[in-house]
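The values are calculated or read from the model by the stated rules, or taken from the named source; none is laboratory data. A quick note: this is a predicted structure, and the numbers were derived from the prediction, not measured. Cβ placement follows ideal geometry from the backbone for every residue including glycine, while neighbour counts extend to all protein chains displayed. We work out accessible area using only protein heavy atoms, side chains counted, and drop any ligands, DNA or RNA first. Shrake-Rupley method; radii C 1.70, N 1.55, O 1.52, S 1.80 Å.
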Amino acid sequence: LRLSFPQIKTLLLEDPGPSVVSCAVNVIAELSDKNGPKHYLLLAPQFFPLLSNSSNNWMLIKAVKLLGRLVSEEPRLARKLLEPLSSIAKNTQAKSLLYESVYTITIALLYARKSDGSLPSSVPVVIALCSSTLRGFVDEADQNLRYLGLVGFGSLMKSNPQAVIQHRNLVLRCLTDDDVTLRSRALELLTGMVTKKNLIELINQLMRHIDRAETAYRNDLVENIILMCSKEKYSN
């Protein structure tokens, strides 16, 4: 691979065949998974044109995932990703690409602050896009899509908890889902939504779920209620 890597980079940059470029992206994505993303940081500029010039959804998913992993290695990438990823999210009809774009935006938002501490002017619009898109996923009939929506909300909460808290009732509805993994993910989200103002109401709602919950999930409910009430030395 070391002997052929310069040629792989050439194919990524210069080959006229979309299928060849797609395969080169796949090879680099696989290498990144195996060796860690930091080794491929210098290739980031070559991936950006793909976000706006390619219509190959499968390849775009690979490129978006790789750029998302690179953000923690080079935080300056975060601000550059907001516009092209938002454009993909607004225009794609493919659920898989839509999700990967929005999820990668939620990662980028953690690193989007400028050196003076300010945020780009586009951030409020980007947050609203993520919030509405993830709500759409949680509203889907398909359990897998609902689960992905909750995972995305968990990622968004790390940088913008208020954007997730406004969907509290939607997340609460997930506590009655037949899928225990979905219920557990929703419960984890609710634990992060607690404030002094909403603690009593939220705990009362969770208490109503305890009587009809099976043993393992009931234990999770009780554990999280205790955690909500006692965190930060009972500050709430």
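Give the residue, chosen from ARG218, ARG183, that is free of Cβ contacts under 8 Å to residues at least 60 places away in the same chain and closer than 25 Å to SER132 by Cα. From the options ARG218, ARG183, the qualifying one is ARG183.
Of all residues in the range 53-87 being β-branched (Val, Ile, Thr) and in contact with a Leu (Cβ under 6 Å, 6 or more places away or on another chain), which is least open to solvent (accessible area, probe 1.4 Å)?
Restricting attention to the range 53-87, the residues satisfying the condition of being β-branched (Val, Ile, Thr) are 61, 64, 71.
Next, from what is left, pick out any that are in contact with a Leu (Cβ under 6 Å, 6 or more places away or on another chain): 61, 71.
Working: ILE61: 33, VAL71: 0 Å².
Step by step, filter the range 53-87, then rank; the result is VAL71.
Taking the range 201-213 as the range and being modelled with pLDDT of 90 or more and either within 15 Å of MET228 (Cα to Cα) or open to solvent by 60 Å² or more (accessible area, probe 1.4 Å) (or both) as the test, the residues that pass are GLU201, LEU202, ILE203, ASN204, GLN205, LEU206, MET207, ARG208.
From (1) under 18 Å from LEU148 (Cα atoms); (2) more than 21 Å from the chain's Cα centre (by Cα), pick out the condition that doesn't hold for ARG212. Among (1) under 18 Å from LEU148 (Cα atoms); (2) more than 21 Å from the chain's Cα centre (by Cα), ARG212 violates only (1).
Is there a residue in the range 188-209 that is among the aliphatic types (A, V, I, L, M) and free of Cβ contacts under 8 Å to residues at least 24 places away in the same chain? For the range 188-209, residues among the aliphatic types (A, V, I, L, M) and free of Cβ contacts under 8 Å to residues at least 24 places away in the same chain: present. Can you say whether LYS34 is basic (Lys, Arg), at pLDDT 90 or above and surrounded by fewer than 18 Cβ atoms within 10 Å (Cβ to Cβ), as far as the supplied structure shows? Against the criterion (basic (Lys, Arg), at pLDDT 90 or above and surrounded by fewer than 18 Cβ atoms within 10 Å (Cβ to Cβ)), LYS34 qualifies.
Could you tell me which residue of the range 1-29 is farthest from ILE61 (Cα to Cα), considering only residues that are open to solvent by 100 Å² or more (accessible area, probe 1.4 Å) and outside any helix (DSSP H, G or I)? In this case the residue turns out to be LEU3.
Would the range 30-46 turn up any residue that is closer than 15 Å to THR104 by Cα and either assigned to a helix (DSSP H, G or I) or touching a residue at least 24 places away in the same chain (Cβ under 8 Å) (or both)?
Yes - at least one qualifying residue is present in the range 30-46.
The C-beta contact set for the range 151-179 (first residue modelled with pLDDT under 95, second residue assigned to a loop (DSSP other than H, G, I, E, B) and buried (at least 18 other Cβ atoms within 10 Å of the Cβ), distance under 6 angstrom, 6+ apart or interchain) comprises ILE165/MET193; ARG168/MET193.
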